[in-house]
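Trainee: The structure that follows is given in the form of structure tokens.
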Amino acid sequence: MPRMRAVQVKEANGPFELVERDVPSPAPGQVLLKVQACGVCHSDVFTKTGAYPGMEFPRVPGHEVVGIIEKVGERVPDWREGQRVGVGWHGGHCGHCPSCRRGDFITCRYAQIPGISYDGGYADHMLAPFEALAAIPEELEAAEAAPLLCAGITTYNALRNSGVRAGDLLAVLGIGGLGHLGVQFAARMGCRTVAIARGADKQPLAEKLGAHHYIDSNAQDLAAELTKLGGARVILSTVTSSQAMTAALGGLGIDGRMIVVGASPDPIEVSPLLLIGGRRGIEGWPSGTSIDSEDTLAFSALTDIRPMIETMPLERAAEAYERMMSGEARFRMVITTGF
Ligand SMILES: [Zn+2]
Ligand SMILES: [Zn+2]
């Protein structure tokens, strides 16, 4: 039986352990991937802490996976051995719940998530259901493509479904793992792009990513500055501080929307008066399905968008996770297997 390396969490809040396991075989509807790269996402905290409802241990984290199809199980249409594919947060859907019956697979009641519902990409090999696979364009390196499968798709898909049009004022709140991609997507989609971060030091980077304006939320009144620019049609909120989201809301223009993609359990505060008068709103956006991943990857290849990454080999996954959690990563940690 061929063996492989995997980094697992054995119990809630337990350490990451590098273990040896048998290479699994694909069941009907699944493929076996030889993992090349896996991004380290803040949502891996769900696996580490066991906070996701119904999680079982041991579990191998990782839902930004790029690999080569090594084996194709029975009843897998179209995909073949040797193809390079990605698997993101959308790791499979049931096909029979009310959402699936409406073709809305990302809100599937029984949605599967790699690294949470089944073992993910912190390993040499991984199984995935075929409906979760996205083809990867040749132009993208494996390690660069990985973060586009969660951080990338989330920001790209939120923006392209937000109703913004070329020339609209679009603000990206936070320049981190999500935000540094959000700024690139917004600028390439033709929006007048405002990057917002704490401190002046991120301004040159924001401009390099394509931002037309920069607001230092430590030194400036964020809402007032956005209003001076005409008010935002969309504020894409990538931060995890609900306080920062609250502070930005006053910068929404008429019909403005705050789209929340940075996850926090804390409430956002908003005055109903702000919402009513200018028909403003706050909404969330949950990544997307495998075809949305393909669109994200293709748009990134087309317009030369890349995540900024730091790579570490699989055996240093614990260190990569700690670096991501510390906020020091610039901007996305990616684990590589050497394949
Ligand atoms: Zn993620
Ligand atoms: Zn479903």
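The values are calculated or read from the model by the stated rules, or taken from the named source; none is laboratory data. Predicted, not measured: the structure shown is a model, and the values here were computed from it. Neighbour counts run over all protein chains shown; Cβ positions are idealised from the backbone, glycine included. Surface accessibility is based on the protein's heavy atoms, side chains included, excluding ligands, DNA and RNA. Shrake-Rupley method; radii C 1.70, N 1.55, O 1.52, S 1.80 Å.
Trainee: Can you send over the carbon and sulfur percentage of the accessible area for the range 211-339, probe radius 1.4 Å, protein chains only? Walk me through the intermediate numbers first.
Mentor: Values: 3250 of 6110 Å².
So the carbon and sulfur contribution to the accessible surface is 53 percent.
Trainee: Spelling out what I want: for every residue of the range 210-220, take phi, set θ = phi - 60°, compute 6.51 cos²θ - 1.76 cosθ + 1.60 (Karplus), and round to whole Hz; glycine and proline get x.
Mentor: 3J(HN,Hα) across the range 210-220, in whole Hz: x, 5, 8, 9, 9, 10, 8, 6, 6, 9, 10.
Trainee: Under the rule of at least 5 residues apart or a separate chain, name every residue whose amide H is placed under 5 Å from the amide H of A232.
Mentor: Under 5 Å from the amide H of A232: L252, G253.
Trainee: Still on this structure: Please list, by residue number, everything in the range 236-265 whose backbone N is under 19 Å from a paramagnetic label point 7 Å out along Cα→Cβ of L273.
Mentor: The answer is 246-256, whose backbone nitrogens lie closer than 19 Å to the label point.
Trainee: Can you classify the range 88-139 as rounded, prolate or oblate using the Cα gyration tensor, where a ≥ b ≥ c are the square roots of its eigenvalues, rounded means a/c under 1.5, and otherwise it's prolate if a/b beats b/c and oblate if not?
Mentor: On the way: a/c = 2.92, a/b = 1.53, b/c = 1.91.
In terms of gyration-tensor shape, oblate.
Trainee: At q = 0.10, 0.23 Å⁻¹, what base-10 log of I(q)/I(0) does the Debye formula yield for the range 235-339 when every alpha carbon is treated as an equal point scatterer in vacuo?
Mentor: Debye output, listed in q order: -0.45, -1.19.
Trainee: Further, regarding this structure: How far apart, in nm, are two points set 7 Å out from the Cα along the Cα-to-Cβ line at V45 and at Q83?
Mentor: Calculated label separation equals 3.5 nm.
Trainee: Using a 1.4 Å probe on the protein heavy atoms, what percent of the accessible area of the range 1-160 belongs to carbon and sulfur?
Mentor: Numbers: 3130 of 6700 Å².
Solvent-exposed carbon and sulfur of the range 1-160 make up 47 percent of the total.
Trainee: Something else about it: Across the range 15-71, how large is the tail of the calculated P(r) beyond 12 Å, expressed as a percent of all Cα pairs?
Mentor: Working: 1168 of 1596 pairs.
Percent of Cα pairs beyond 12 Å in the range 15-71: 73.
Trainee: Further question on the same structure: Starting from the amide H of I309, placed 1.01 Å from N in the peptide plane, find each other amide H under 5 Å away whose residue is 5 or more places distant or on another chain.
Mentor: For I309, the qualifying residues are F331, R332.
Trainee: When only Cα pairs under 8 Å and 6 or more residues apart are kept, what is the percent relative contact order across the range 118-195?
Mentor: 25 percent
Trainee: Right, next: How compact and how long is the chain, expressed as Rg and Dmax of its alpha-carbon atoms in Å?
Mentor: For the chain, the Cα-based Rg and Dmax read 19.9, 66 Å.
Trainee: Continuing with this model, one more query. Can you give me the orientation-averaged projected area of the convex hull built on the Cα atoms of the range 97-228, in nm²? Intermediate values should be presented prior to the final figure.
Mentor: On the way: hull surface 43.4 nm².
Seen from a random direction, the Cα hull of the range 97-228 projects 10.8 nm² on average.
Trainee: Using the Cα centre as the reference, give the magnitude of the dipole from point charges on the C-beta atoms of the chain (Lys, Arg: +1; Asp, Glu: -1; all else neutral), rounded to the nearest 20 debye.
Mentor: Dipole magnitude for the chain comes out near 640 debye.
Trainee: Please compute the volume of the convex hull spanned by the alpha-carbon atoms of the range 286-339 and report it per residue in Å³. Walk me through the intermediate numbers first.
Mentor: On the way: hull volume 6.6 nm³, N = 54.
Here the figure is 122 Å³ per residue.
Trainee: I would also like to ask the following. For a paramagnetic label modelled at 7 Å from the Cα of L229 toward its Cβ, which residues of the range 141-156 fall within the zone defined by backbone nitrogen distances under 11 Å?
Mentor: none
Trainee: Would you compute, from DSSP H runs of 4+ residues alone, the mean residue ellipticity of the chain at 222 nm, taking -39500 (n - 2.57) per run and dividing by the full residue count, rounded to the nearest 500?
Mentor: After summing the helix terms and dividing by residue count, I get -6500 deg cm²/dmol.
Trainee: Taking the alpha-carbon distance from K202 and a cut-off under 25 Å, which lysines remain once sequence neighbours fewer than 8 residues away in the same chain are dropped?
Mentor: The qualifying lysines are K228.
Trainee: Shifting gears a bit: Report the full-extension gain for the segment A12 to H96: residue separation times 0.36 nm, less the Cα-Cα distance, to one decimal in nm. Write out the running numbers ahead of the final one.
Mentor: Values: separation 84, 0.36 × 84 = 30.24 nm, distance 3.12 nm.
Between A12 and H96, full extension yields an extra 27.1 nm.
Trainee: What is the gain in length, in nm to one decimal, between E138 and R3 on full extension, counting 0.36 nm per residue of separation less the C-alpha to C-alpha distance?
Mentor: 45.7 nm
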